[in-house]
1. Residue 61 - would you say it is outside the structural domain of residue 271 (by TED's automatic domain parsing), at pLDDT 95 or above and either under 26 Å from residue 263 (Cβ atoms) or within 18 Å of the chain's Cα centre (by Cα) (or both)?
2. Going through 166, 191, 225, 244 one at a time, which residue ends up being without any contact (Cβ under 8 Å) to a residue 12 or more places away in the chain and under 21 Å from the mean Cα position of the chain (by Cα)?
3. Does at least one position in the range 125-133 carry a residue that is at positive phi and either modelled with pLDDT of 95 or more or in a loop (DSSP other than H, G, I, E, B) (or both)?
4. Looking only at the range 115-168, count every residue that is over 13 Å from residue 273 (Cα atoms), in contact with a strand residue (DSSP E or B) (Cβ under 9 Å, 6 or more places away or on another chain) and basic (Lys, Arg) and tell me the total.
5. Keeping to the range 100-140, report how many residues are under 18 Å from residue 323 (Cα atoms) and more than 14 Å from the ligand (Cβ to nearest atom).
6. Go through the residues of the range 152-164 one by one and say whether even a single one is part of a strand (DSSP E or B), away from the ligand (no atom under 16 Å from the Cβ) and surrounded by fewer than 21 Cβ atoms within 10 Å (Cβ to Cβ).
7. Just to be sure before I move on: is residue 181 over 19 Å from residue 243 (Cβ atoms), surrounded by 15 or more Cβ atoms within 10 Å (Cβ to Cβ) and in contact (Cβ under 8 Å) with a residue 24 or more places away in the chain in the structure I sent?
8. Of everything in the range 75-99, what is on the phi < 0 side of the Ramachandran plot, among the small types (Gly, Ala, Ser) and more than 13 Å from the ligand (Cβ to nearest atom)? Give them in sequence order.
Amino acid sequence: MRTSTAASWQSYWQQADEKKACKISGTDHPAISQFWHKFFSDARVGAKSAPDNLRVVDVASGRGAVFEHLFALGDGACCDAVCVDLSHDALGAVRDRWPAVSGIVANGAALPIAEHSVDIVVSQFGVEYAGVDAVVALCKLVRPGGQLALLLHHRGGAIFKECDDNYVALCEVQKSGFLQGAMNMFPHAFNVLAGGERSEYERTSKSLIPAFRIMERIMAQYGRNVASGVVRKLYLDIDHIHTNLPAFDRQEVDVWLRQASRELQYYTERMNSMRHAALDDQQFEVLKAEMADFGFELHVADALAVADHSAPLAWSVIAEKAQNNGRGCR
Ligand SMILES: C[S@@+](CC[C@H](N)C(=O)[O-])C[C@H]1O[C@@H](n2cnc3c(N)ncnc32)[C@H](O)[C@@H]1O
């Protein structure tokens, strides 16, 4: 994975509390809660009657969305819960929420976890960011008799489509030169405010007009809320600062613009990494064959279809590793 993408996730989790920078609408669909609720209930992980100290690992956990479902079923004290993610900040948030959960900062492509050492491995829209090989490699971590439960991005699914639209819209925003144009204009606008000459301000503000029109076209084409409303917010904020310039500080506007530009770049990268992470039909078939080869019985291995979307939300997997199968110890 490119370092810049790791930086983009780190930046996301640093700000996730404040602005939910890239909330993808499908990821909180009730079908997802139902999937985990059923899985953890059937596996009896959160139950008082559960076997002692089951080791449960969530790979690319973020702030622990999967464990929320697990802990909703019981106090979680019966299991040794571990979250793994690239992002320190995501794991910091996990620690703040559940001090007993361990956090490991690691790339999903090279997990520092021993083979056959985990009772239950889970991942939700996570491990596939490290590549399909990383998804297959999870099979090795599961001990004989253990389970693997996954929700993976589906190429052509509803979440994929949203990420793809966001990505294309964000690329168009970047290409429009809207933020760069604002960065060029504001210093001259502040100069005019301080009594300086107008010609450079007039030139730069005029050359920003086509970018404003492109922003309006992007919102009309992809919807006003495209990319979690970031496009609309940039458009409105820059217009607001321009119209109310005396109320703003020159340095603060400069810092804000630079930060907005960096965030736009990160957001675009995250959307692109989601597009690349999504598995197509053929990759999912290969994954199923690999899991069978590792000695897993596939209880669920299908697209997660929901009534309110014509496309599936995800690929879903619930698989159990045979107790005594030579290939299970591959
Ligand atoms: C879409 S978020 C999902 C987070 C969480 N599983 C959830 O459902 O809310 C993807 C997560 O994968 C993490 N991530 C991305 N690439 C990764 C990699 N190569 N290895 C480990 N984690 C990664 C990101 O930091 C982020 O937390």
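The values are calculated or read from the model by the stated rules, or taken from the named source; none is laboratory data. It should be emphasised that the depicted structure is a prediction, and the values quoted were computed from it without experimental measurement. Positions of Cβ are backbone-derived with ideal geometry, glycine not excepted, and every protein chain shown enters the neighbour counts.
1. On the way: outside the structural domain of residue 271 (by TED's automatic domain parsing): yes; at pLDDT 95 or above: yes; either under 26 Å from residue 263 (Cβ atoms) or within 18 Å of the chain's Cα centre (by Cα) (or both): yes.
Judged against the criteria, residue 61 is a match.
2. Working: 166 fails: without any contact (Cβ under 8 Å) to a residue 12 or more places away in the chain; 191 fails: under 21 Å from the mean Cα position of the chain (by Cα); 244 fails: under 21 Å from the mean Cα position of the chain (by Cα).
The match here is 225.
3. We begin by selecting, within the range 125-133, every residue at positive phi; these are 125, 131.
Okay, now just the ones that are also either modelled with pLDDT of 95 or more or in a loop (DSSP other than H, G, I, E, B) (or both), so 125, 131.
Checked the range 125-133: at least one residue is at positive phi and either modelled with pLDDT of 95 or more or in a loop (DSSP other than H, G, I, E, B) (or both).
4. 1
5. Residues flagged as under 18 Å from residue 323 (Cα atoms) and more than 14 Å from the ligand (Cβ to nearest atom) within the range 100-140 amount to 9.
6. Residues of the range 152-164 part of a strand (DSSP E or B): 152, 154.
Right, trim to away from the ligand (no atom under 16 Å from the Cβ) and you get none.
No, there is no match, as no residue in the range 152-164 is part of a strand (DSSP E or B), away from the ligand (no atom under 16 Å from the Cβ) and surrounded by fewer than 21 Cβ atoms within 10 Å (Cβ to Cβ).
7. On the way: over 19 Å from residue 243 (Cβ atoms): no; surrounded by 15 or more Cβ atoms within 10 Å (Cβ to Cβ): yes; in contact (Cβ under 8 Å) with a residue 24 or more places away in the chain: yes.
No; evaluated as a whole, the condition is false for this residue.
8. Restricting attention to the range 75-99, the residues satisfying the condition of being on the phi < 0 side of the Ramachandran plot are 75, 77-99.
Among the residues that remain, those that are also among the small types (Gly, Ala, Ser) are: 77, 81, 87, 90, 92-93.
Hits for the range 75-99 are 77, 81.
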